[in-house]
Amino acid sequence: MEECPQDLGFSLVHVGINTGAPEEAAALAGLFAAAFGFPVRQGSSSYFAGSGIEIMKSRYLGRNGHIAIGTKDLNKAIEHLEARGFSMDRDTFKYSGETLTAAYLKGDFGGFAVHLVKAAEPAGPSGT
């Protein structure tokens, strides 16, 4: 199989863990904080422990949760994956205005749903 183009810049952004209730999610986030000192941030549908672990307040896609993969160009990444036989779950596409911000693949990878997100641009030498 052909290699992924470097200009897509695929990278791991975070791993999402499904739980059954907000209390369970809060407890798991607290466990990561206690064990590793990760700061906990609460959102509307999840908690984050550090920047790499998202704990869902309820079950969502994927038997176990999801894996977020960042890319420099979401639309080109989708074209790249579809050209290789992967299908996108267009019902999960999220937009900010007219800009696509997240897109799940159909199916799962080892019990985890996989979604693409626009990767944050690294800070330049001046911190921008």
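The values are calculated or read from the model by the stated rules, or taken from the named source; none is laboratory data. Every value quoted in this text rests on a predicted model; they were computed, and no experiment measured them. Reconstructed Cβ throughout: ideal geometry from the backbone, glycine too, with neighbour counts over all protein chains shown.
Restricting the search to segment 1-19, which residues are buried (at least 16 other Cβ atoms within 10 Å of the Cβ) and part of a helix (DSSP H, G or I)?
8
Would you pick out the residues in segment 34-81 that are out of contact with any helix residue (DSSP H, G or I) (no Cβ under 8 Å at 6 or more places or on another chain) and of a type in the set (Phe, Trp, Tyr)?
Matches in segment 34-81: 36, 60.
Take the conditions in a strand (DSSP E or B) and of a type in the set (Phe, Trp, Tyr) and apply them to residue 60. Does it pass?
No: the conditions fail for residue 60.
Which one of these does residue 35 not meet: (1) surrounded by fewer than 13 Cβ atoms within 10 Å (Cβ to Cβ); (2) touching a Gly at 6+ places or on another chain (Cβ under 9 Å)?
(2)
Could you tell me whether any residue of segment 68-86 is in the same structural domain as residue 13 (by TED's automatic domain parsing), touching a Leu at 6+ places or on another chain (Cβ under 9 Å), closer than 17 Å to residue 45 by Cα and touching a residue at least 40 places away in the same chain (Cβ under 8 Å)?
Yes - at least one qualifying residue is present in segment 68-86.
Considering only segment 20-43, how many residues are in a loop (DSSP other than H, G, I, E, B) and more than 20 Å from residue 102 (Cβ to Cβ)?
5
Considering only residues that are touching an Asp or Glu at 6+ places or on another chain (Cβ under 8 Å) and buried (at least 20 other Cβ atoms within 10 Å of the Cβ), look in segment 42-56 and name the one that is nearest to residue 20 (Cα to Cα).
Filtering first and then ranking leaves 46.
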